[in-house]
1. If you take the residues in the stretch 99-124 that are out of contact with any Asp or Glu (no Cβ under 9 Å at 6 or more places or on another chain) and outside any strand (DSSP E or B), which one is least open to solvent (accessible area, probe 1.4 Å)?
2. Yes or no: A113 more than 11 Å from the ligand (Cβ to nearest atom) and free of Cβ contacts under 8 Å to residues at least 40 places away in the same chain?
3. Among the residues of the stretch 138-149, count how many are part of a helix (DSSP H, G or I), of a type in the set (A, V, I, L, M, F, W, C) and open to solvent by 10 Å² or more (accessible area, probe 1.4 Å).
4. For the stretch 28-53, name all the residues that are within 11 Å of the ligand (Cβ to nearest atom), assigned to a helix (DSSP H, G or I) and touching a helix residue (DSSP H, G or I) at 6+ places or on another chain (Cβ under 8 Å).
5. Take the residues in the stretch 54-98 that are within 16 Å of the ligand (Cβ to nearest atom) and in a loop (DSSP other than H, G, I, E, B); name whichever of them is nearest to V111 (Cα to Cα).
6. Pull up the stretch 47-75, narrow it to residues that are under 22 Å from P12 (Cα atoms) and of a type in the set (V, I, T), then point me to the one that is surrounded by the most Cβ atoms within 10 Å (Cβ to Cβ).
7. Taking the residues in the stretch 35-46 that are open to solvent by 30 Å² or more (accessible area, probe 1.4 Å) and without any contact (Cβ under 8 Å) to a residue 60 or more places away in the chain as candidates, determine which candidate is nearest to P10 (Cα to Cα).
8. Provide a single number: the residues in the stretch 78-98 that are open to solvent by less than 50 Å² (accessible area, probe 1.4 Å), polar (S, T, N, Q) and within 26 Å of N25 (Cα to Cα).
Amino acid sequence: MAVLPIYKLPDPVLRQEAREITEINGKLQRLVDDMAETMYAAPGVGLAAPQIGLSQRVIVLDVDHENIGKRLLKLVNPVITESEGEVLWEEGCLSVRDYQAEVLRAERVLVKAWTTDQKEVEIEGTGLLAVALQHEIDHLNGTLFLDRL
Ligand code: ZN
């Protein structure tokens, strides 16, 4: 595994609509493992492929850094299928230097995605996990938290 460089604003890759993954293979699995290592090293609770310069629909998240890896999520082609409630949460971003701000997000989301072992999953998130899912999926659409202030 390897820690990859994180792309920062104003890199244009952060503003692109990322492509759907059409094949889950060993190369993708290695990439996602590198993304997880990069996220933990930063450290951050989530990382989207555009942040390592790849315009592809893959994210990793782990909101529990007390137990590294235990709740690690690696999601391919994630889509938010339900969202409800509102929560104001202070966010930062590994691609935006030295800036945090409160963002209004849904309090609960349901996300459909594929895992790197080709299983379709549904993830329900509330609180920090809901916020992180929305933040990372935004990255796949070229949206940064700054756009939601
Ligand atoms: Zn971010």
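The values are calculated or read from the model by the stated rules, or taken from the named source; none is laboratory data. Predicted model only: the values in this text are computed from it and were never measured. Ideal geometry is used to build each Cβ from the backbone, glycine not excepted, and the neighbour counts take in all protein chains shown. SASA here: full protein model, heavy atoms, side chains in, ligands and nucleic acids out. Shrake-Rupley method; radii C 1.70, N 1.55, O 1.52, S 1.80 Å.
1. T115
2. Judged against the criteria, A113 is a match.
3. Going through the stretch 138-149 one residue at a time, the tally reaches 1.
4. In the first step, residues of the stretch 28-53 are kept if they are within 11 Å of the ligand (Cβ to nearest atom); the result is 39, 42, 44-48, 50-51.
Now drop any that are not assigned to a helix (DSSP H, G or I), which leaves 39, 50-51.
Correct list: P50, Q51.
5. Only one residue fits best here, namely R57.
6. I59
7. Pass one, the stretch 35-46, residues open to solvent by 30 Å² or more (accessible area, probe 1.4 Å): 37, 40-43, 45.
Pick out the ones that are also without any contact (Cβ under 8 Å) to a residue 60 or more places away in the chain and you get 37, 40-43.
Values: E37: 24, Y40: 23, A41: 22, A42: 19, P43: 21 Å.
Only one residue tops the list, namely A42.
8. 0
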